[in-house]
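Please read through the structure below; I'll follow up with questions.
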Amino acid sequence: MGSSIERLSLGRLERYSRGLRGFWRSYSRNRPAVMGLAILFLLTATAVLTDLLDPYNPFGIYPSEVLLPPSFSHPFGTDDLGRDILKLVMFGSKTSLLVGFSAVFIASSIGIIVGALSGYYGGRVEDILMRLTDMLLIIPNFFLILLIVALFGSSLRNVVLVIGFMTWPGTARLLRSTFLSLREQEFVQAARVVGASHLRIIFRHLLPNGIYPVIVNSSLQVGSAILTEAGLSFLGLGDPSLVSWGRMLSIAQMYVRRAWWMAAFPGAAIFITVMAFNLIGDGLNDALNPRLRER
Amino acid sequence: MQPIVKVKGLKKYYPVEKSWIDKLLSRERRWVRAVDSIDLEIERGETFSLVGESGSGKTTTGLVLMQLVEPTEGEILFEGRDIFSLREEERRRLRRDMQMVFQNPYASLNPRMTVEEIVGEPLTIHLGLKGEERRGRVIELLDIVGLNPGKYYVDRYPHEFSGGQRQRIAIARAIALRPKFIVADEPVSSLDVSIQATILNLLQELKREFKLTYLLIAHNLAVVRYMSDKLAIMYLGKIMEKGVSEDVFQNPQHPYTKALISAFPDINPDVKRDRVLLRGEIPSPIAPPPGCRFHTRCPFRLEICERDEPMLVEVEDGHLVACHMVE
Amino acid sequence: MGGGEPVLEVRDLRTYFPTMRGTVKAVDGISFTVLEGETVGLVGESGCGKSTAALSIMRLVPAPGRIVGGEVLLRGRDLLKLSEAEMRGVRGARIAMSFQDPMTFFNPVMRIGDQIAEGIIRHQRLSRREAWEKVISTLEVVGIPSPRDVAMSYPHQLSGGMRQRAMMAMALSCHPELMIADEPTTALDVIIQAQLLELMKDLKRELGMSSLIISHDLGVIAELCERVAVMYAGKIVEYSDIRRILREPRHPYTVGLLESIPRVGFKKERLIGIEGSVPDLIEPPPGCRFSPRCKYADEKCKEDPQLIELEEGHYVLCHHPVMGGG
């Protein structure tokens, strides 16, 4: 309403920080989402700190300490080679986050480009791009990823690339449908009337208005990419030179009766991490959705 | 003097999406005849109104004029040049002279841009203005459209403004490049009555100050009478009557015009109105009635109306009517 | 013309909406009466509270809104004191309401005829067949040319004008004592609007119904109503018979409104309009809510004005009523 008329003019920076504060106010109202964010901070800190403070080789073998249950010196116990599981889980967080973020970065970039082009131009461009998208969508994703990794080798780079290149269709479809409805809005017509180029319309007018659902979706996708990596490693198709929660689970299978802790802690790590990203996605959805935000 | 805008034989047909039955029977593609061969001349400095109900084609005409939609057939001359034969670069250059104000100020302003960015966009695109210079010009423009002092408003976002204020911002954007011609598509119909008047007055003032020419697209006849010098009444993609505004209002000739004027609820409690009530509703523009398009609802229909399409004929100086009754 | 018993009396009705920022006083102490056989208009611009007032009478205020005070008397009985079950017997049967957008009113997957029959069956305890007969005859009353076809159609198959007529048929089908029409013609083109206005005038003549018309369009109100209440920012600022309001408006807001309206009957040389915008209803300006936009406002207007009766039946909520017409 008209209550804002006599407020003084604000600097750009100040408005920006007010926007951020407004975002945080509505985000923080969602307690679980704040918890998700806290977990993410903890994980990131763990991944970074493990690398900095404890560059000690996680692959050493300690025959005297094989399969020890959780204790004061080994809070998560040790594995079949005598390694400290807490340490391994900490190293694993780095792999998971690396895979999750890089794969989603690739997938989102492709998805945004494909979705934006087909949603904005329509016609032939849309037909071709969307057929391609549909094709990827109907193929069972995980098995294709499995196949490609099996064929081309399972280095970290390959795993990231494959997950990234296989999971963009959701983003593309999402952005396309947003663009389709935004494209008809009067403010886009108005931009054309003042002579804005196609690129300008896409990047200055459509994307800022249509990106939020994509951000929410990407946050959920990080969780699912981490899960995919764990799945691949579980099946023995992860990068063998890295610690991975999935591979830890895979090995733990053999000892599940004798050493429950070998499965329990990496399993819990996967669960908590994926859940954190889902909670964050949920919180972002509430905070970025303008309809919910006013409440 | 050469008219600033001349529309010759303009047609705009939209294809109707074929259903699978149509495809199976390989039926011919059908068309929505939104605008079906109209001629207009708009003189420099006048306000020309296109009037009609929804589905009359008035909005489509405006969109074609603003090059937002390609015509199916016909020419549009702006200062003598056919705008659809121009090259991309020249067409963009033409945007400096032709601008538009949209119907819904809640939709026509990008919600994620500040007023400076919205009003400054044409300045950046066409004049390459940036930074303080652009900001200064935007503040100036805001003052002109009655959002003063402009510096209080320049950093705000659209949601901080009322409907009337938003329409002022949209108008500031439209006049930013000092255009010669502005299409105003229902510029006040989504605003409250008391605000409508202030926006209409602003448009009048700007017209005088900047020597503008308006094409006003509207369904509200009272608004049209207040604003226009000339007008054209449209029905199902055709012009039924056109001429000097006061001639048409004081001496309407076409039965449809009479019906429109008498249908308009007026606030004078003493007027004993004899309504020309029309039966039924506007037919589909996919298969408009043969002969005169209005004959299915016309209270004075003759036999000839179902067969022959009436031509626009001049009944008095510059007052044209398409009706067999007046021939 | 009216002059009979009051059918509806609204006394000091208040409906508030709690929000994060504070309480929106959408309807803030309004009073008016609808007499037997009379049509009363409630006119005002968007956000003035006229629709909330109508919904309050029906006790259909959407959450989190709440009726916090006042009385709504239907033939002397306070509807606000009824139980929800009793109120269901009032809605549709004794008070009917039509809305601006019939598309959101009708169930999209039910035939029009079934929807109208449902109310008849519930309120009048008729059999299905009898109810359908009644549906057809009511659809005829509202001027629908082929009532059987329309009764068999789904809402999306009808045009806007037809839907509006069907909704009026639904409202009329149980012979309500009071009909409330919220923006009955706003979504329609002017020709269809005129058809509907003529129909409503005919119905009023034939059925002698009492109704309350909510509209932003003084033209529509002028055609249909005998008396009118002008609302601004949750309050009724002027209340009188329609001719007096149009000829000798006394509240500066009414005067401004009338000066803002272009006329189709003659060319006005200049419209005046009202500068500024509707106040924030969470923190309304102190005293008279119109004062920030009023050219007559002075220190006195910072105090709450009282509704005064300037002449018989002409009420104004203003410290400085305008004299000598607009």
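The values are calculated or read from the model by the stated rules, or taken from the named source; none is laboratory data. Every value quoted in this text rests on a predicted model; they were computed, and no experiment measured them. Every residue, glycine among them, receives a Cβ derived from its backbone with ideal geometry; neighbour counts consider all protein chains shown. Just so you know, the surface numbers come from the protein's heavy atoms only, side chains and all, with ligands and any DNA or RNA stripped out. Shrake-Rupley method; radii C 1.70, N 1.55, O 1.52, S 1.80 Å.
When chain B is modelled as a GNM with alpha-carbon springs shorter than 10 Å, which of B:47, B:72, B:59 fluctuates the most?
Greatest mean-square fluctuation among the candidates belongs to B:72.
Right, next: Which is the longest stretch in chain A that no exposed loop site breaks, taking sites as GluC sites (Glu not before Pro) with a DSSP loop state and at most 14 other Cβ atoms within 10 Å?
Excluding the exposed sites themselves, the longest stretch runs over A:7-183.
Treat every Asp and Glu Cβ in the stretch C:193-241 as -1 and every Lys and Arg Cβ as +1, leave all other atoms uncharged, and give the resulting dipole magnitude about the Cα centre to the nearest 20 debye.
Roughly 140 debye, rounded to the nearest 20.
Could you tell me the total accessible area buried at the A-B interface, probe 1.4 Å, in square angstrom to the nearest hundred?
Roughly 2800 Å² of accessible surface disappears when A and B pair.
On to the next question. Which order do C:33, C:23 take when ranked by solvent-accessible area (1.4 Å probe, heavy atoms of all protein chains), largest first?
C:23, C:33
Round to the nearest 10 and give me the degree value, 0 to 90, for the angle of helix B:193-210's Cα axis relative to the longest principal axis of chain B.
Once rounded, the angle reads 70 degrees.
Leaving ligands and nucleic acids out of the surface, order C:295, B:11 by accessible area at 1.4 Å, largest first.
Descending accessible area places them as C:295, B:11.
Turning to a different aspect of this structure: When chain A is treated as a GNM, springs tying every alpha-carbon pair under 10 Å, which of A:117, A:237, A:151 comes out with the largest mean-square fluctuation?
A:151
Can I ask one more? Please say if the protein assembly as shown is rounded, prolate or oblate, where rounded means a/c under 1.5 for a ≥ b ≥ c the square roots of the C-alpha gyration tensor eigenvalues, and otherwise the choice is prolate for a/b larger than b/c and oblate otherwise?
Here the protein assembly as shown falls in the prolate category.
Now for a different question. Got a sec? Charge dipole of chain A, +1 on Cβ for Lys and Arg, -1 for Asp and Glu; which of A:129, A:68, A:206 is way out at the positive end?
About the Cα centre, the residue reaching furthest to the positive side is A:206.
Where in the stretch C:22-91 are there trypsin sites (Lys or Arg not before Pro) that are in a DSSP coil and have at most 14 other Cβ atoms within 10 angstrom of their Cβ?
In loop regions of the stretch C:22-91 (DSSP not H, G, I, E or B), the sparsely surrounded trypsin sites (Lys or Arg not before Pro) are C:75.
Then there is this: What percentages, rounded to whole numbers, describe P(r) for chain C computed over all alpha carbon pairs with 10 Å bin width beginning at zero?
Reading upward from the zero bin: 6, 25, 33, 24, 10, 3, 0.
Also, quick follow-up: With a/c under 1.5 counting as rounded, go ahead and sort chain A into rounded, prolate or oblate using the C-alpha gyration tensor (a ≥ b ≥ c being the square roots of the eigenvalues; past the cut-off, prolate if a/b is larger than b/c, else oblate).
Verdict is oblate for chain A.
A further question on this structure: Looking at the stretch B:1-77, which GluC sites (Glu not before Pro) are DSSP coil and have at most 12 other C-beta atoms within 10 Å of their C-beta?
Filter output for the stretch B:1-77: B:17, B:28.
Between the helical axis of A:207-234 and the dominant principal axis of chain A, each derived from Cα atoms, what acute angle in degrees is found, rounded to the nearest 10?
In chain A, helix A:207-234 runs at an angle near 20 degrees to the longest axis.
Let me ask something else. Is the shape of the stretch B:180-239 best called rounded, prolate or oblate, per the rule: a/c under 1.5 gives rounded, else a/b larger than b/c gives prolate, else oblate, with a ≥ b ≥ c the square roots of the Cα gyration tensor eigenvalues?
oblate
Something else now. Would you work out which of A:251, A:171, A:48 lies farthest towards the positive end of the dipole of chain A, given +1 charges on the beta-carbon of Lys and Arg and -1 on that of Asp and Glu, about the Cα centre?
Going by the Cα projections, it comes out as A:171.
Quick one: longest stretch of chain C between exposed loop chymotrypsin sites (Phe, Trp or Tyr not before Pro), exposed meaning at most 16 other C-beta atoms within 10 Å and loop per DSSP?
C:1-265
Accessible area drop of at least 10 Å² (1.4 Å probe, protein heavy atoms): which residues of the stretch C:239-260 qualify, relative to the chain alone?
Buried by 10 Å² or more upon assembly, which counts only protein chains, are C:243, C:246, C:247, C:257, C:258, C:260.
What figure in square angstrom, to the nearest 10, would you give for the accessible area of residue C:84 with a 1.4 Å probe?
About 80 Å², ignoring ligands and nucleic acids.
Compare A:266, A:208, A:75 in a GNM of chain A, Cα atoms joined below 10 Å, and give the one with the largest fluctuation.
A:208
Give the residue list of trypsin sites (Lys or Arg not before Pro) in the stretch B:178-232 that are DSSP loop and have at most 12 other beta-carbon atoms within 10 angstrom. Intermediate values should be presented prior to the final figure.
On the way: sites: B:180, B:207, B:208, B:211, B:225, B:230; in loops: B:180, B:211.
Of the trypsin sites (Lys or Arg not before Pro), the ones in loops of the stretch B:178-232 whose Cβ has at most 12 other Cβ atoms within 10 Å are B:211.
Once you have all Cα-Cα distances for the stretch C:5-59, histogram them in 5 Å bins from zero and send the whole-percent values.
With 5 Å bins starting at 0, P(r) equals 5, 17, 27, 25, 14, 7, 3, 2, 1.
If you fit an axis through the alpha-carbon atoms of helix B:163-175 and take the longest principal axis of the Cα set of chain B, what angle between them do you get, 0 to 90°, nearest 10?
80 degrees
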